[in-house]
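These notes concern the structure reproduced below.
The values are calculated or read from the model by the stated rules, or taken from the named source; none is laboratory data. Note that the structure is predicted; figures quoted are calculated from it, not measured. Cβ placement follows ideal geometry from the backbone for every residue including glycine, while neighbour counts extend to all protein chains displayed.
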Amino acid sequence: MKRLFLLLLAGCLPTLFGAEPAPAPAPKAEASGPVEIYSDEADFELQERTFVYRGHVRASDPQMKLSCDLLTAWMAATNNQFTNIVAEGSVVIEVADAQGVSRATGGRAVYDAAANVVVITENPVLVNKFGTMTCDRVILDRARNRLHARGNVHIIMPPETLKQPSLVRPEKPPAGPAKGP
Amino acid sequence: MSHPRAGTNDRRARHARRASWRWAALVAGAFAWAAAVQAQPASAGVVRGLFRLPEYDKDEPNRIRSLLTGVGASAQANGLISMNTLRWEGYTRDGKTNLVILGTNCVFDARNRLAYSPDRLRMESPDGRFVVEGLGFLWRPTNSHLIISNRVHTRLQAPPSAPASTRP
């Protein structure tokens, strides 16, 4: 049983949570669209280049959508771009890709723009069409389109998901030698 | 021949009369000034048109840090200055504009050095890639602290990517 679980986890995790097994480290995702943030109110310390958004905060960029209660962002002095973003309170992150929409919730999410990585903590839960996963920490590597789960990982998959052949073997069987007539 | 003490008394009397006239003139002037001030409506103020408040660096007094300007400024009786439009520009060390704040229907509190308005605010970088809009704000130019009360919208456009290499 344990062996089966490990096999499932090792083989299916990238597919399960929408992270494709990237064959090689990809360059940073090209996010050409704007970052937009909406909130009820805001408090800006322009000398420190700190931006605090409160109340029904919604943020979006070409790769994902985020909502939370409180969002704090720090801006670089050189190019007016956010370097770090911390979302706190009822954090919801939605990522849409070819697998559908994946939804992550947690109490806190930290985005590091230099690494293009989002770390979700405080009881993170991930849900997508393949199942539900809980753990201590979720690391969403946007640059490589990968997802890492750390600590007390627990996955719940509906039975019908396990029947999908794509979970346990490649969708396309490897091409064998052509048989002659 | 008059007595010398009599001449001294005359001079003292003349001096006393002049002093009393001066005092009376001063009191009359003060009353006239007070009457003139009271005759002006308290809330009318003086329309100054353009209001300018530059702020200079404490360490480098010749270097301007920011400039607050208001159009349609009028002084209120309570020391506040109301402005139809407000514009604040922040400058980098080399004198370039790095941020612009625009507001309408603003009040500037010169004593506490803050501006506020119930109306719309727009803050933007000179290249237009960073824009913040909102409704209702309080702005402290001295420490660059901005509070927006309602409907905040921030739009941040990534800088243009570096041009592709033209090396053969």
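Numbers at a glance
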read-out	value
Hits in the stretch A:82-124 (condition: closer than 15 Å to residue A:71 by Cβ and of a type in the set (Gly, Ala, Ser))	A:87, A:89, A:90, A:106, A:107, A:109, A:113
Strands (runs of 3 or more DSSP E) (entirely within the stretch B:53-168) containing at least 1 residues that are within 13 Å of chain A (Cβ to nearest Cβ) and among the acidic types (Asp, Glu)	B:80-91, B:114-124, B:130-140
Number of the exception - residue A:54 against (1) loosely packed, with under 14 Cβ neighbours inside 10 Å; (2) within 10 Å of chain B (Cβ to nearest Cβ)	(1)
Cβ pairs under 8 Å, 6+ apart, first in the stretch A:99-118 and in contact (Cβ under 8 Å) with a residue 40 or more places away in the chain, second assigned to a loop (DSSP other than H, G, I, E, B) and surrounded by fewer than 17 Cβ atoms within 10 Å (Cβ to Cβ)	A:99/A:129; A:100/A:129; A:116/A:28; A:116/A:29; A:116/A:143
Qualifying residue in the stretch A:126-141 (condition: modelled with pLDDT of 90 or more and outside any strand (DSSP E or B))	yes
Residue pairs meeting the criteria (Cβ under 7 Å; at least 6 apart or on separate chains; first more than 23 Å from residue B:136 (Cα to Cα), in the stretch B:71-99; second among the acidic types (Asp, Glu))	B:97/B:89
Subset of the stretch B:103-113 that is of a type in the set (A, V, I, L, M, F, W, C) and crowded, with 16+ Cβ neighbours inside 10 Å - its residue that is farthest from the chain's Cα centre (by Cα)	B:106
Criterion (surrounded by 14 or more Cβ atoms within 10 Å (Cβ to Cβ) and closer than 18 Å to residue A:44 by Cβ) met by exactly one of B:83, B:123	B:123
Residue B:144 being farther than 23 Å from residue A:71 by Cβ and crowded, with 18+ Cβ neighbours inside 10 Å	no
